[in-house]
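Right, one structure below, let's go through it.
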Amino acid sequence: MSDRVSITEENQVATVTLTRADKRNALDLDMIRAIVDAGETLATRKDIRAVVLAGDGPAFSAGLDLNAMPQIAQFAMQGGVFLERTHNNSNLFQAASMVWAEMPQPVIAAVHGYAFGGAFQIMLGADMRIAAPDTRFSIMEGRWGIIPDMGGMVLMRRLARGDVIRKLTYSAEQFEAPAALDWGFVTEISDTPLERAHAIAAEIASKSPDAIRAAKALIRDTELTDTRETLITESKTQEKLMGTPNQMEAVMAGMQKRKAEFKD
């Protein structure tokens, strides 16, 4: 499909693979757009009954590509980019996660290595997440002086307690698969997450597609209310943060590997 994402199909199961392995599947604008395009394309396919989401190489995804941050910041700081609803209730960045939650087919994410920042949120868009035992996770946005703004405030609340979400968002600390399982972010731990994800997808594909799609819609639509307002609030908050002195200091300190000096 692109040099960022591939789609393969077998027995009515589509596998979407992030294919930027040399960059640990780090998210740049092209990757984000390719992820959204893949999800939107598959959502229209009645012959596809389940989707597996995975990453090639050593990790599911390292999250935001630091080398692409100037390009992303320039794009994001254009007037109205955060608040523009280009994909249903979402902006482009939110759609990279929400497209999996909103598509009619069940999605199983196979996660290994690490899923940081935006990649963590993309993973949460799946119906289920199968993780290798040594996978590491982080809601890493706080490290850069911003908030999780890729649908995280909708998706995390479906899975974890509020105090856990607060702790991990405020601290940006890393945690491993057993903790992620305990907190509800991971469905299962498997030594072979991709194989296990495909086994689950095959089982789903063997069921009535009408019933499966109806069940997904029912579960999704009754989990939370006010999704649109949550996404708008998320965007407003991010728009206020982006480009401020403390946000830029967080980026510079991180890139220079020094302690940040924030202003009150």
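Roughly speaking, what is the stretch gain from Glu261 to Phe75, that is 0.36 nm per residue apart minus the C-alpha to C-alpha distance, in nm to one decimal? Could the numbers behind the result be given before it?
Working: separation 186, 0.36 × 186 = 66.96 nm, distance 2.63 nm.
Full extension of this stretch gives 64.3 nm more.
Can you return the lysines within cross-link range of Lys207? Criterion is Cα-Cα under 29 Å, with same-chain partners fewer than 8 residues away left out.
Correct list for Lys207: Lys46, Lys216.
Could you provide, to the nearest whole Å², the per residue accessible area of the chain with probe 1.4 Å? Write down the numbers at each step before the final one.
On the way: 12170 Å² over 264 residues.
Here the residues of the chain average 46 Å² of exposed surface.
Taking 25 Å as R0, compute the FRET efficiency from the Cβ-Cβ separation of Asp47 and Asp22 and round it to 0.05.
Numbers: r = 33 Å, r/R0 = 1.31.
E between Asp47 and Asp22, to the nearest 0.05, is 0.15.
For segment 43-122 and segment 19-35, what is the separation of their C-alpha centers, rounded to whole Å?
Going from one Cα centre to the other spans 10 Å.
For a Förster distance of 35 Å, can you work out the FRET efficiency between the beta-carbons of Leu83 and Glu173, rounded to the nearest 0.05?
Numbers: r = 30 Å, r/R0 = 0.86.
The value I calculate is 0.70.
Using the structure shown, select from Lys23/Lys259; Lys167/Lys236; Lys236/Lys259 the pairs with a Cα to Cα distance greater than 30 angstrom. Walk me through the numbers before you get to the answer.
Working: Lys23/Lys259 25 Å; Lys167/Lys236 22 Å; Lys236/Lys259 28 Å.
Exceeds cut-off: none, every pair is within range.
Add +1 for every Lys or Arg and -1 for every Asp or Glu among the other residues with Cβ under 9 Å from the Cβ of Thr187, and state the total. Numbers along the way, then the final one.
Numbers: positive: Arg129; negative: Asp127, Glu188.
Net local charge, Thr187 excluded: -1.
Can you pull the one-decimal nm distance between simple spin-label points at Thr222 and Arg158, each 7 Å off the Cα toward Cβ?
Spacing of the two 7 Å Cα→Cβ label points: 1.5 nm.
Describe numerically, in nm with one decimal, the distance between label points set 7 Å from Cα along Cα→Cβ at Ser6 and at Asp30.
1.6
Would you mind telling me the share, in percent, of accessible area of the chain contributed by carbon and sulfur at probe 1.4 angstrom?
Details: 6340 of 12170 Å².
Reported share for carbon and sulfur atoms: 52 percent.
Treating only the Cβ of Lys, Arg, Asp and Glu as charged (+1, +1, -1, -1), what charge dipole size does segment 136-264 show about its Cα centre? Round to the nearest 20 debye. All intermediate terms of the calculation are to be shown ahead of the outcome.
Numbers: 19 positive and 20 negative charges, 46 e Å.
It works out to roughly 220 debye.
Would you mind getting me the FRET efficiency between Asn246 and Ala199? Use the beta-carbon distance for r and R0 = 35 Å, nearest 0.05.
Details: r = 46 Å, r/R0 = 1.32.
About 0.15, to the nearest 0.05.
Amide H of Ala50 versus every other amide H placed in the peptide plane: which residues, excluding those fewer than 5 positions away on the same chain, fall under 5 Å?
Distant-sequence amide H within range of Ala50: Ala14.
The values are calculated or read from the model by the stated rules, or taken from the named source; none is laboratory data. Owing to the predicted nature of the structure, the values given are computational and were not obtained by experimental measurement. Using ideal geometry, Cβ is built from the backbone for each residue, glycine included, and neighbour counts are taken over all protein chains shown. Heavy atoms of the whole protein, side chains included, go into the accessibility calculation; ligands, DNA and RNA do not. Shrake-Rupley method; radii C 1.70, N 1.55, O 1.52, S 1.80 Å.
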